[in-house]
Structure formats: structure tokens, C-alpha cells
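Undergrad: Below is a structure I'd like to ask you about.
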Amino acid sequence: MEFQRSHRVGDQIHKEISALLIKGLKDPRIGFVTITAVEVNSDLSLAKVYFSVMGSESEIKNTEKGLKSSASYLRRELSKRMRLRYVPELVFELDRSLAYGNHIDTLLRQIQTEHTDDQDDSGEN
């Protein structure tokens, strides 16, 4: 039962924070950011908000700093929008899984190209 509730609260936090980011935060450090997942612990005291950012490493760091500094504002906004006695603390974590997946995909394509080139050189099909 607690797992289901924490999962539902996480989904709702995900939707609300995404909506707030679409409206735009006034912090100029926050770039093009996507909330990828939200994990809420079983007692609903902590929510890890995973995000990804497109851009250079400095843009990523600036966005991370901007999100962390806006956590209290976002939490206040969540308390207005959600029907919870206590809104969890928000902890922002950079999700590098998309970049990692793209890197793996690039390596696989590179290996496939090399393998195809090797077969062409040896005359095999």
C-alpha cells in the first residue's frame, strides 16, 4: 500500500514540476530541462527528482544549480497544487542515462560500420 501511494505521489510531483518548468522559472541558469523520473521514499519525506539537460557541461551545471536553488519555490508551489499535508523535500539528481544511451548507440553503430568494412575488404557478404 505504501509503495503504491509513494508511486502515485511521485507521478503527481513529476507532472506538477514538469508543468511549472514549462511555464518557466525566472532563474536564467535553468536551460532546456526534462524531468525524467521522480522517486518518493515510503514515508513521503523525500523526493528524488531526476532530470536531463541538453547542452554543454557548463549549461548542465548551471541548470543543476538553478534547480537546486529553486527547490524551495517548487516545493511551495507543489503544496498549493497538491493535496498533501506534507510535501516531500526535493532533491535534484542529474540523469545521464540518455547521454549514456546515445554514447552506447554511437559505439554500436561504429562497430557495425567497422564490421561491414572488414567484410567488404575480405570479399564476404
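Read the figures in this text as sums done on the coordinates, not as results from a lab. Keep in mind the model is a prediction, meaning the values are calculated, not measured. Using ideal geometry, Cβ is built from the backbone for each residue, glycine included, and neighbour counts are taken over all protein chains shown.
Undergrad: Of all beta bridges DSSP finds with both residues in the chain, what is the antiparallel percent, to the nearest 5?
TA: Values: 7 of 13 bridges.
Around 55 percent antiparallel, to the nearest 5.
Undergrad: Determine ³J(HN,Hα), in whole Hz, for all residues of region 53-69 in sequence, where each value follows from phi through the Karplus function 6.51 cos²θ - 1.76 cosθ + 1.60 and θ = phi - 60°; x replaces Gly and Pro.
TA: For region 53-69, the Karplus-derived couplings read 9, 8, x, 6, 4, 5, 5, 5, 4, 5, 5, 4, 5, x, 5, 5, 6 Hz, x marking Gly and Pro.
Undergrad: Moving on to the next point. Charges on Cβ only, +1 for Lys and Arg, -1 for Asp and Glu, centred on the Cα centroid of the chain; of SER58, PHE92, ALA19, which one is farthest towards the dipole's positive end?
TA: The residue sitting farthest along the positive end of the dipole is ALA19.
Undergrad: Using the Kirkwood radius over C-alpha pairs as Rh, can you work out the diffusion coefficient of the chain via Stokes-Einstein at 4 °C, viscosity 1.567 mPa s, in µm² per second? Don't skip to the answer; put the middle values down first.
TA: On the way: Rh = 16.7 Å.
Result for D is 78 µm²/s.
Undergrad: Do the sum for the chain: with -39,500 (n - 2.57) for every DSSP H run of n ≥ 4, divided by all residues, what is the mean residue ellipticity at 222 nm, to the nearest 500 deg cm²/dmol?
TA: Numbers: 4 runs with 72 residues, N = 125.
Roughly -19500 deg cm²/dmol at 222 nm, from the helical runs in the chain.
Undergrad: As a test of understanding, state the convex hull volume per residue of region 11-64 from its alpha carbons, in Å³. Mind dumping the intermediate values first?
TA: Details: hull volume 4.3 nm³, N = 54.
Per residue, the Cα convex hull of region 11-64 comes to 80 Å³.
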